[in-house]
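Below: the structure, in structure tokens.
The values are calculated or read from the model by the stated rules, or taken from the named source; none is laboratory data. The model shown is predicted, which means the values in this text are computed figures rather than measured ones. Here the Cβ positions follow ideal geometry from the backbone for every residue, glycine too, while neighbour counts run over all protein chains shown. Note: areas computed on protein heavy atoms with side chains; ligands, DNA, RNA excluded. Shrake-Rupley method; radii C 1.70, N 1.55, O 1.52, S 1.80 Å.
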Amino acid sequence: MSTTPEDRLTPEQLRTLFLFESLSIEQIHWLAERGRVERRDAGEVVYREGEPATCFFVLLRGAISLHRVLHGDDVEVNRTDQRGVYSGATRAYLGDRVEQSYPHTMRAVSDAEFFVLPADEFAYAVRTWFPMALHLLEGLFFGTRAANAIVNERERLLALASLSAGLTHELNNPAAAALRATAGLRERVTGMRHKLAMIADGRLDGAALHKLVGLQDDAVRHAAAGVDLTAMETADEEDTVSDWLEERGIARAWDLAPSLVAAGIGVPWLTEAASTVGDEYFEGAVRWITYTIDTELMMGEIDDSVERISELVGAARQYSQLDRTPLQIVDVHALIDATLTMLQAKIPQGVRVVREYDKSLPSIPAYGAELNQVWTNLIVNALDAMPDGGTLTVRTWREDARLMVEIADTGVGIAKDIRPRIFEPFFTTKQVGEGTGLGLDISYRIVVNKHHGDLRVTSEPGDTRFTVCLPIEQEAANSEPSGDTEAETGTRTETEAATGTAAAETDSEASTGAAGGVSPAAGG
């Protein structure tokens with residue numbers, strides 16, 4: 001670290017920073033006397049999360065990034081090179097009513113230079129120079145923190161309840177099918193034991209029994225291969241088999257025919273079986289073979305059900321990204337499919353889901369669990385826009401060094417007068433109690449601030465499209481955000497400017513860094 005306490009900014013230099021441009025001459029001179037210039041080398045930690053917040057930092061030159069430790073992993077939450085943005089002891093004016101520690105870690109991305117003011121001096125300036133603003137900020141901070149705690153908890157509970165209900169609904173069908181098949185299998189195995197005793201009751205010689213076992217194996221192979229018949233062809237074949245069995249005195253032939261036909265066993269096969277075991281033991285042999293077929297079909301049903309349950313559990317794991325580091329190389333298509341699986345119960349019958357994937361797209365470095373949150377928010381919004389049915393289209397493609405994901409719906413669209421506000425925190429068009437207005441704001445933060453990508457929207461009645469742009473290469477994901485990001489998402493810039501410094505600052509604990517002023521909005 002290169003620190004030069006003797007370096008000072010002149011009052012004229014301080015006034016070039018937007019944070020201080022409206023101060024009086026006396027106030028500017030006061031800051032110039034008490035502040036100092038400090039420099040950090042690229043990669044150096046400026047301050048670390050959890051340490052006592054002793055200084056207020058204003059960026060003069062270079063680029064910085066903010067990081068939080070989440071579940072033991074270091075996660076970058078913001079990055080900027082805008083001159084004048086601030087961070088550090090931003091809540092010093094609240095005194096000991098709030099823990100005065102750094103809420104995140106700041107690193108110098110490049111060689112950086114800061115104007116540094118001790119925390120107690122910064123607190124004195126705010127309390128003394130802006131008494132009315134201080135009362136407003138205090139009320140806003142504590143009020144918003146309490147409201148956020150309640151709203152965020154409710155949002156998490158509602159999301160968890162919705163996903164749990166959807167997953168439970170999806171798991172119930174294969175689980176119920178497996179239980180039914182298991183009960184039927186137990187009955188068939190019991191019947192097989194009885195028929196085995198009748199067939200082997202001393203009068204069926206070993207050669208005939210051996211042939212019967214061969215027929216049994218052949219029936220199993222037929223059952224495993226299955227048949228491809230239409231409903232009409234199946235009904236006709238069942239009638240044929242049932243009539244043939246009845247002609248030979250087989251009771252309840254209509255109960256045996258469906259299983260035999262399902263395994264591809266017809267009159268020719270039965271004729272061969274009759275010649276093998278003889279008329280005396282034919283009925284017992286047919287029922288033995290039928291039980292064998294039913295057993296195979298039910299085990300296949302159980303296998304399919306368990307496989308479906310396993311797929312659902314895998315989708316839940318993929319969706320939540322359990323046991324995985326936050327930043328990883330992910331297949332975006334797998335993430336989207338997992339999200340659609342988790343939301344299956346929320347998709348109305350009248351909504352058709354269309355997947356148009358570019359399968360040539362590579363895996364990318366990303367925070368998988370948080371991208372799943374983005375897909376969830378966008379898909380749920382699209383479904384809400386189509387209460388009477390429509391088409392949900394998920395499309396992917398590549399544009400230069402970016403992977404594009406588009407989620408489109410044929411719903412009512414977004415009115416032009418509210419479109420600039422859709423990324424505002426707590427803005428929602430839903431009825432009270434149906435939405436918190438945090439989904440798109442959170443999605444924007446994840447895509448733009450965390451992944452250095454972009455989130456765009458175009459909308460007209462019958463065609464609304466949200467497009468997520470993500471960097472493909474890891475170098476791109478870790479690079480500094482381009483200067484045209486805000487130009488491409490102008491509605492967000494307007495929104496952030498409208499929220500002001502205080503709102504951004506009070507949201508610091510939930511959003512990580514805006515309180516530190518590393519976004520233009522938080523800076524002014």
For segment 1-129, what is the accessible area per residue in Å², given a 1.4 Å probe and the full set of protein chains?
-> 45
What does the accessible area of H135 come to, in Å² to the nearest 10, when a probe of 1.4 Å is used?
-> 130
Solvent exposure, largest accessible area first (probe 1.4 Å, DNA, RNA and ligands not counted), of Y291, Y124, Y102 | Y124, Y291, Y102
Quote the accessible area belonging to R352 in square angstrom, nearest 10, computed with a 1.4 Å probe and with ligands, DNA and RNA left uncounted.
-> 140
Rounded Å value of the spacing that divides the Cα centres of segment 359-414 and segment 33-75 | 35
Assuming R0 = 41 Å, can you tell me the calculated FRET efficiency for the pair E187 and I347, based on Cβ-Cβ distance, to the nearest 0.05?
-> 0.65
Which whole-number value in Å² is the accessible area per residue of segment 333-379, probe 1.4 Å?
-> 40
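FRET efficiency for E247 and R456, Cβ-Cβ distance as r, R0 = 60 Å, nearest 0.05?
0.25
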Grab the beta carbon distance between T16 and T128, set R0 = 30 Å, and tell me the FRET efficiency rounded to 0.05.
-> 0.80
Applying the gyration tensor rule to the Cα atoms of segment 6-147 (axes a ≥ b ≥ c; rounded if a/c under 1.5, else prolate if a/b exceeds b/c, else oblate), the class is oblate
List the residues whose amide H sits under 5 Å from the amide H of D7, counting only those 5 or more places along or on another chain, with H placed 1.01 Å from N in the peptide plane.
-> V37
Just read off the accessible area of R355 with the full protein assembly in place, 1.4 Å probe, to the nearest 10 Å².
-> 120
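With +1 assigned to the C-beta of every Lys and Arg and -1 to the C-beta of every Asp and Glu, and no other charges, what is the dipole magnitude of segment 1-128 about the Cα centre in debye, to the nearest 20?
So the magnitude is around 240 debye.
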V69, V116, V412, ranked by accessible area, largest first (probe 1.4 Å) = V412, V69, V116
Quick one: compute the contact order of segment 44-139, relative version, from alpha carbon pairs under 8 angstrom and 6+ residues apart, as a percent.
-> 40
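Take W288, W254, W397, W375 and sort them by solvent-accessible surface of the protein heavy atoms, 1.4 Å probe, largest at the top.
W254, W397, W288, W375
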